[in-house]
């Protein structure tokens, strides 16, 4: 998200971050400290979000799969899509509304016969990607989002919709790819997943994003990113899935009071390597107008080398069929200074399956549920007695999910629901993916022997 001040920002009081099952790693330089979920649930019934495509044991994925129900696709050579595919997709898109000028994000295809897979993906998905302009709390900014329903529910990042916690009552305007602008209201936000849903006022018949099954991805799959980096709506980049089952810790500025098992480590003043989007405002070099907070959250992410920059937040990470596989959330920075760099080819997105669950709950309830293991954990790597990498249980909460399942201090969790666990951040991120009350299977090592156990998670409050 890119931000700029409307008036000099007044720092809000810090609040405690939301809990993790682990003592937070040494917190980076902090985000602004707003809090509390921001909206009431919609009164109308929640729309049915498109179901992800079912996973298959093996996949043969051509460079371009059938788009929009077309039965015939031209031959694909060297990743180049047959021009008829792109032409047909473009022809199926509704024209711009009469009297409304085309936005800069209008798809431009000068030579359909020589269009690539990326062009076809953009032709399909671009109409369902929007740009949000948000104001409040003495600042303003822009980010991206995807349309979930024909009547205007839009999914974006929590740090976009709340300006990184600067406001709980944002003023939001959403610009579609055809140039139409709608006012929008915040339906619900979830700082734990860094996701939020807004509702466009008076919208109907909008194009919607199609969800893929993010659990079926492979490292090396093609990716396409659409968003508004630096406010440049409709910008496109492409790359591959660089890594799966990655977990990162990012600063979070809008988390409610933290349910702590142990106190977090003190802030040493260093920046996190994974940042949200907040370019320094011209004229404020060396200062930080945001309120400070030491809150951090652990997120499961898809890593991609597609170029991602400030303003891409909340935008679409797509597969080679134009389906949503992730919501862009963060970027790795190389410097560690106060300023923020652009893309270095290490970007992260929230997996579509996780994002879809959170979006559905936000629309229905205004809030979302997250699991709680009831144990404090550290990295086994940091314990000289550990012989295997994983999340080392330091203590368990009496009566909590971990204790009830028979886990105890000294156990090293190495797998959670089939996902390898390399450390405490991995475990916390995977626990938060599930709602409270969900069942999960753990693999842990005790006295050198691996064991399996099923645990029923508590709920993060």
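The values are calculated or read from the model by the stated rules, or taken from the named source; none is laboratory data. All values reported here derive from a predicted model rather than from experimental measurement. Cβ atoms come from the backbone with ideal geometry, glycine included; neighbour counts cover every protein chain shown.
Being in contact with a strand residue (DSSP E or B) (Cβ under 9 Å, 6 or more places away or on another chain), farther than 24 Å from residue 232 by Cβ and crowded, with 19+ Cβ neighbours inside 10 Å: is that true of residue 197 here? For residue 197, the condition - in contact with a strand residue (DSSP E or B) (Cβ under 9 Å, 6 or more places away or on another chain), farther than 24 Å from residue 232 by Cβ and crowded, with 19+ Cβ neighbours inside 10 Å - is met. Please pick out the residue among 311, 326 that is in the same structural domain as residue 244 (by TED's automatic domain parsing) and under 11 Å from the mean Cα position of the chain (by Cα). Going through 311, 326 in turn, the sole match is 326.
Conditions (1) free of Cβ contacts under 8 Å to residues at least 40 places away in the same chain; (2) more than 20 Å from residue 295 (Cβ to Cβ), marked per residue:
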| residue | (1), (2) |
| --- | --- |
| 131 | no, yes |
| 136 | yes, no |
| 141 | no, no |
| 144 | no, yes |
| 156 | no, no |
| 162 | no, no |
| 165 | no, no |
| 173 | no, yes |
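The residues of segment 161-194 that are over 22 Å from residue 310 (Cβ atoms) and touching a strand residue (DSSP E or B) at 6+ places or on another chain (Cβ under 7 Å), listed by number, are 169, 182, 183, 185, 187, 188, 192. Quick check: anything in segment 148-170 part of a strand (DSSP E or B), within 17 Å of residue 326 (Cβ to Cβ) and either modelled with pLDDT under 95 or not assigned by TED's automatic domain parsing to the domain that holds residue 316 (or both)? The answer is no; no qualifying residue exists.
Yes or no, residue by residue, for (1) surrounded by fewer than 22 Cβ atoms within 10 Å (Cβ to Cβ); (2) at pLDDT 90 or above:
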{"site": "211", "(1), (2)": "yes, yes"}
{"site": "228", "(1), (2)": "no, yes"}
{"site": "237", "(1), (2)": "yes, yes"}
{"site": "248", "(1), (2)": "yes, yes"}
{"site": "265", "(1), (2)": "yes, no"}
{"site": "275", "(1), (2)": "yes, no"}
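When residue 348 is tested against (1) within 17 Å of residue 244 (Cα to Cα); (2) in the same structural domain as residue 212 (by TED's automatic domain parsing); (3) in contact with a helix residue (DSSP H, G or I) (Cβ under 6 Å, 6 or more places away or on another chain), exactly one condition is not met: (3). Looking only at residues in segment 358-375 that are in contact with a helix residue (DSSP H, G or I) (Cβ under 8 Å, 6 or more places away or on another chain) and closer than 30 Å to residue 406 by Cα, the one that is surrounded by the fewest Cβ atoms within 10 Å (Cβ to Cβ) is 369.
Every residue, every condition in (1) assigned to a strand (DSSP E or B); (2) under 23 Å from residue 190 (Cα atoms); (3) out of contact with any helix residue (DSSP H, G or I) (no Cβ under 7 Å at 6 or more places or on another chain), yes or no:
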{"residue": "356", "(1), (2), (3)": "no, yes, yes"}
{"residue": "377", "(1), (2), (3)": "yes, no, no"}
{"residue": "407", "(1), (2), (3)": "no, no, yes"}
{"residue": "430", "(1), (2), (3)": "no, yes, yes"}
{"residue": "443", "(1), (2), (3)": "yes, no, yes"}
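Restricting segment 409-428 to residues that are touching a helix residue (DSSP H, G or I) at 6+ places or on another chain (Cβ under 7 Å) and not in a strand (DSSP E or B), the residue that is surrounded by the most Cβ atoms within 10 Å (Cβ to Cβ) is 421. In segment 200-215 there is at least one residue matching the filter, namely being part of a strand (DSSP E or B), assigned by TED's automatic domain parsing to the domain that holds residue 307 and under 19 Å from the mean Cα position of the chain (by Cα).
Of all the numbered requirements in (1) more than 15 Å from the chain's Cα centre (by Cα); (2) closer than 14 Å to residue 146 by Cα; (3) assigned to a strand (DSSP E or B), residue 177 misses one, and that requirement is (3).
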